[in-house]
Amino acid sequence: MKRIFFAVPFLLFVVTCKAQKEIPLYQGAIPNAKPCNLTETNAPPGRIAGVTAPTLTIFLPEKSDSFKAAVLIFPGGGYGRLAMDHEGYDVAGEFNKHGVAAFVVKYRLPNDACMINKENGPLQDAEQAIKLVRDNAAEWNIDPTKIGIMGFSAGGHLASSLGTKFAQVFIENKSHTNLRPDFMVLGYPVISFSDSLTHGGSRDNLVGKNANAKMITDFSNELQITPQTAPAFLIHAADDKTVNVQNSIVFYQALLLNKVPAEMKLYQRGGHGFGMNNASTKDKWFAQMVNWILSNKWMKGDVNPARY
């Protein structure tokens, strides 16, 4: 448990942030899975690999935002591992300070030995995660019309896949639960699988080194945007040598062409994988993102500049 103290005029709040529970994404058989000998690892701590049993870690705030907003978080790691701490649990705790419920998704990593179609596994888990949160919205004090998603790096590719391909249902959904996120936040995201823009490791891990032209197009999310795509807030650094900043730029341009609301924060420096804190600047993108969410009325409240 972690206690956080912060002040606003005339008041002092104490907020307790912790993960209440980790639950399996699926009850019973996991779709698109086959028996394998892969063992999940957590070394170094906070870097999880070998995921075959996906989960949802629940972070509920002590006092919910009056709009009852929620965010699902997909950590990055090139579809080869998951940076669960600084791109997952730490971010969830920060959302809790704003009264927003947060859910960190430990999704399956593509593996031919453990999956029938490895390229579909992560998106299945993303769809199941938003279905699970919407189906349990009342229990977790959430408004099912104010559920956003956030992803970093390859987790940004997964989040943008859900934000653009929610109509392609890869899970059992007899209740016809809406799988479209209400908004998405993408941190230095892998977007395109085109040769000139992609992060090669993410592409190879998800679709293989011999992916054909159709598969590369299908997984280039800047080409999947429609007017129904979820609104987006993007964060990237121009000097990112791992995931070219053009990934965010082409996605933003495609959103504008389709008249999808969008905002983008580009840093001059920062590199890749900085999480919530870009050490090259005192600027805090998280506060700007919260203001964007507030301005679109997915949550209610104020940003306290003293905290950032």
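The values are calculated or read from the model by the stated rules, or taken from the named source; none is laboratory data. What you see is a predicted model; the values in this text were computed from it and never measured. Here Cβ is always computed from backbone atoms with ideal geometry, including for glycine, and neighbour counts include all displayed protein chains.
Assorted remarks:
- Looking at region 20-108, the strands (runs of 3 or more DSSP E) lying wholly inside it that each contain 3 or more residues that are surrounded by fewer than 19 Cβ atoms within 10 Å (Cβ to Cβ) and at pLDDT 95 or above sit at 21-24.
- Glu119 vs. criteria of a type in the set (Asp, Glu), farther than 22 Å from Glu22 by Cα and touching a Leu at 6+ places or on another chain (Cβ under 9 Å): yes
- Check on Pro181, within 17 Å of Leu82 (Cα to Cα), buried (at least 20 other Cβ atoms within 10 Å of the Cβ) and either of a type outside the set (Val, Ile, Thr) or modelled with pLDDT of 95 or more (or both): no
- Of all residues in region 221-242, those satisfying the criterion of being under 16 Å from Ala154 (Cβ atoms) and either surrounded by 22 or more Cβ atoms within 10 Å (Cβ to Cβ) or aliphatic (A, V, I, L, M) (or both) are Asn221, Glu222, Leu234, Ile235, His236, Asp240.
- Those residues of region 266-293 which are surrounded by fewer than 18 Cβ atoms within 10 Å (Cβ to Cβ) and over 20 Å from Asp90 (Cα atoms), in sequence order: Leu266, Gln268, Arg269
- Within region 217-259, the set of residues being under 18 Å from Gly270 (Cα atoms) and assigned to a loop (DSSP other than H, G, I, E, B) comprises Ala238, Asp239, Asp240, Lys241, Thr242, Val243, Asn244, Val245.
- Only one of the numbered conditions (1) free of Cβ contacts under 8 Å to residues at least 40 places away in the same chain; (2) over 29 Å from Cys114 (Cα atoms); (3) over 20 Å from the mean Cα position of the chain (by Cα) is not met by Thr41, and that is (2).
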